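Reading through the structure tokens given below for one structure.
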């Protein structure tokens with residue numbers, strides 16, 4: 001056992017004990033967090049505009065603080081970008097995390113001195129909970145890689161640094177991990193993703209890689225590059241001590257079969273739920289498939305039932321009133337100055353003691369051309385069951401409505417890139433349609449009512465998704481393939 005591993009075990013047990021204690025006091029932490037956030041922002045421009053000095057309870061907070069989309073906060077964000085302090089939060093942000101474009105252009109999400117440490121602590125706690133649960137500390141003494149965006153930062157005229165979240169976090173990796181961490185800074189700064197992955201592969205092949213982390217689709221690309229460069233059959237042949245894969249951003253199940261084939265068998269995995277707005281949850285127990293909500297980290301959570309999200313004044317629910325197995329849109333107020341901010345993700349609670357969740361999709365990523373409101377959780381489960389039944393694996397998939405038809409009914413079109421195109425394509429499509437009918441009553445009614453015809457699969461050629469993402473300027477980093485859409489903007493790129 002190396003020194004780091006020796007130190008990790010008692011520290012992991014201590015951290016795990018604190019995590020459990022926090023999780024069992026979540027309601028008290030949330031109530032205290034709200035009042036602390038409001039008090040801290042009383043003298044900001046936003047706090048003055050919304051009467052924060054008169055807020056003494058959650059009910060007071062709801063009355064003066066509406067749900068916000070990013071566009072609602074642009075007037076405040078623009079003032080901060082020009083260098084004005086005390087606008088959404090005390091002082092100026094430590095960073096702006098620049099995220100993907102929206103109808104209003106790129107988003108600039110503030111990260112404060114108070115919020116930044118929680119990103120690091122949550123990631124650390126996920127690893128330490130794993131060590132405490134499994135006793136596997138060996139990865140601590142080997143090399144680790146985090147596939148991420150460039151750590152290079154730009155600067156606004158106000159001198160506020162701007163970058164991608166993963167690149168910003170790279171500047172805050174604890175010193176005790178720096179010597180174990182790959183790739184080199186210069187390699188991480190390579191902008192072209194394919195060149196970057198090739199360079200990372202060359203750099204890591206000689207190393208004792210034990211922990212690998214990133215969005216599954218891009219890690220999969222890294223694995224394929226490693227195998228191509230070495231001529232080996234599996235990642236375990238290249239990295240015999242590789243024992244832990246950490247991922248976030250998308251569900252792992254659609255990728256699991258192909259990834260395990262590339263890795264050479266099953267590897268322990270930890271799922272996390274980070275975003276520019278905060279680090280919300282992580283898998284604290286490897287024997288469970290849900291995530292522990294991070295309730296004592298400077299974030300106050302509200303929830304809106306997804307079914308009512310688009311109502312004019314949707315009801316909002318605090319943590320202590322949520323129900324299990326209900327689809328909620330996630331709403332945040334943070335110690336970086338976001339106030340009842342809708343991040344666009346949907347979750348459902350699997351437990352309320354402690355509060356555990358599953359990420360189920362994006363509130364704006366759905367297919368509902370006829371009111372069926374098919375969500376990511378349903379299509380991902382359908383994909384997983386189909387792969388298990390028909391023994392095939394995929395690289396990626398996307399679902400979109402096909403309305404531009406003549407002499408036939410419209411349908412849902414599934415674009416699937418498989419490792420090898422299965423022979424039983426029609427049987428697979430019929431099985432998938434039956435899975436969707438079982439999960440979604442509205443979809444069933446439309447199929448039975450002859451409004452929609454059963455879904456159709458378009459098997460796309462190898463690397464089709466990679467090429468579409470590249471052509472769309474979304475290759476690598478934190479970018480993710482949308483599981484489904486209510487339009488054909490992505491589908492038509494094929």
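Each value in this text was obtained by applying a stated rule to the coordinates, not by laboratory testing. Predicted model only: the values in this text are computed from it and were never measured. When we count neighbours, we look across all protein chains shown, and the Cβ atoms used for this are built from the backbone with ideal geometry, even at glycine.
In table form, for the structure just shown:
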| item | result |
| --- | --- |
| Cα-based Rg / Dmax (Å) for the stretch 150-191 | 11.5, 35 |
| Pairs of alpha carbons in the chain whose separation is greater than 39 Å (percent) | 25 percent |
| Distance between modelled label sites at residue 175 and residue 486, nm, 7 Å Cα→Cβ extension | 5.2 nm |
| Three-way shape call for the stretch 18-148 based on the alpha-carbon gyration tensor, with the a/c threshold at 1.5 | oblate |
| Rounded Å value of the spacing that divides the Cα centres of the stretch 417-494 and the stretch 179-195 | 33 Å |
| Overall Cα dimensions of the stretch 52-91 - principal axes, largest extent first, Å | 33, 21, 9 |
| The stretch 364-391 versus the stretch 246-289: alpha-carbon centroid distance in Å | 19 Å |
| Theoretical ellipticity at 222 nm over the chain - DSSP helices of four or more residues, -39500 (n - 2.57) apiece, nearest 500 | -11000 deg cm²/dmol |
| Volume per residue of the C-alpha convex hull in the stretch 376-493, rounded to whole Å³ | 113 Å³ |
| Extension gain from residue 82 to residue 462, taking 0.36 nm per residue of separation minus the Cα-Cα distance | 132.2 nm |
| Residue 191/residue 287 FRET efficiency (R0 41 Å; Cβ-Cβ; nearest 0.05) | 0.55 |
| Whether the stretch 339-434 is rounded, prolate or oblate, judged on the alpha carbon gyration tensor where a/c under 1.5 counts as rounded | oblate |
| Tensor-based shape of the stretch 163-313 (alpha-carbon gyration tensor, a/c under 1.5 rounded, otherwise prolate or oblate) | prolate |
| Descending semi-axes in Å of the stretch 83-199, equivalent ellipsoid built from Cα gyration tensor | 29, 20, 12 |
